[in-house]
Ligand SMILES: [Zn+2]
Ligand SMILES: [Zn+2]
């Protein structure tokens, strides 16, 4: 078993912020704000992975539904009909806040 400090991060609070962003409060106290454009750009599904380059169509970054999947992740559906599921760790890894983006010793791939 791993130590408590290695426990997976879970989401304490998930909310839409205005029309263009989603806010996440994590179990370790960190708070993330994700622009919808980034959530769609980094969609980890098989058909999007690595292909969401350039401009993302307007309808493709408008959120139709936002659902927390228990302690495992987040489900988003988009106005263009696409659906995205982020595992908690995937979502945390794309946080671009000053703290996350400014950690020079943080390995890109993590473990
Ligand atoms: Zn996708
Ligand atoms: Zn962050």
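Values quoted throughout were computed directly from the atomic coordinates according to the rules given, and no laboratory measurement underlies them. Everything numeric in this text was worked out from a predicted model, so none of it was measured. Positions of Cβ are backbone-derived with ideal geometry, glycine not excepted, and every protein chain shown enters the neighbour counts.
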Practice task
Starting with the fewest neighbours, write out 58, 30 ranked by other beta-carbon atoms found within 10 Å of each beta-carbon.
Solution key: 58, 30
Fill in the blank from the handout: Working note, region 14-64: Cα radius of gyration (Å, one decimal) and Dmax (Å, whole number) are 12.1, 34
Problem - Ranked 84, 10, criterion: other C-beta atoms within 10 Å, fewest first - result: 10, 84
Handout entry: Relative frequency of Cα-Cα separations exceeding 14 Å in region 37-97, percent
Key = 54 percent
